[in-house]
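Down below is the structure, laid out as structure tokens.
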Amino acid sequence: MLSHGFHYIWTHVGHPHRGVDLKIPHHDNEIAQSEAHFSSLDWVKYFLHSGHLTIAGCKMSKSLKNFVSIQDALSKYTARQLRFAFLLHGWRDTLDYSQNTMDIEKIFNEFFLNIKDATSNFCQDKTTFTTFTKWDSKEKTLNDIFLKTKDNVHIALCDNMRYPYGNGQS
């Protein structure tokens with residue numbers, strides 16, 4: 001049977017996205033049915049499988065009646081808070097939607113806001129990073145750590161959006 005997700009007639013899907021529980025044999029069936037229906041031998045190239053969104057360790061699902069709509073989540077948290085919460089987990093990993101997850105997000109959000117405040121002082125004082133010409137060993141070490149972290153985040157984001165691994169979490 002064709003997937004109930006066809007709201008539009010698709011003749012080719014480059015990267016369909018499914019939950020981790022919809023791995024093989026779903027692919028073989030979906031490919032066979034879709035290629036036969038659409039007369040296309042190139043219906044899909046790659047399947048992406050994301051981790052589940054859970055509540056109290058149980059997969060979030062309408063059928064289990066334990067789901068939170070985006071509107072409900074946005075009534076409690078800002079879009080920025082939700083983005084940070086998702087960014088703190090790999091897209092293939094399970095994310096537990098809980099107060100604990102949002103508390104961790106809050107720590108990261110406050111960190112970035114503190115950085116923003118600290119760097120805005122440079123602009124107000126007409127002081128820039130280039131104003132300082134000589135760094136002591138602590139400043140050089142801190143800069144080396146910053147540059148390494150920046151590179152690690154970039155590498156992690158290029159490696160399957162693995163941000164938690166790029167910022168030192170695992």
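Derivation of every value follows stated rules applied to the coordinates shown; laboratory data play no part. From a predicted model like this one, the values you see are computed outputs, not experimental measurements.
Using the eigenvalues of the Cα gyration tensor, what equivalent ellipsoid semi-axes result for the range 52-130 when each is taken as the square root of five times the eigenvalue, whole Å, largest first? Could the numbers behind the result be given before it?
On the way: eigenvalues 246, 30, 16 Å².
Result for the range 52-130: semi-axes of 35, 12, 9 Å.
Could you list which residues have their amide H under 5 Å from that of Asp96, counting only those 5 or more apart in sequence or on another chain, with H placed in the peptide plane?
Thr54
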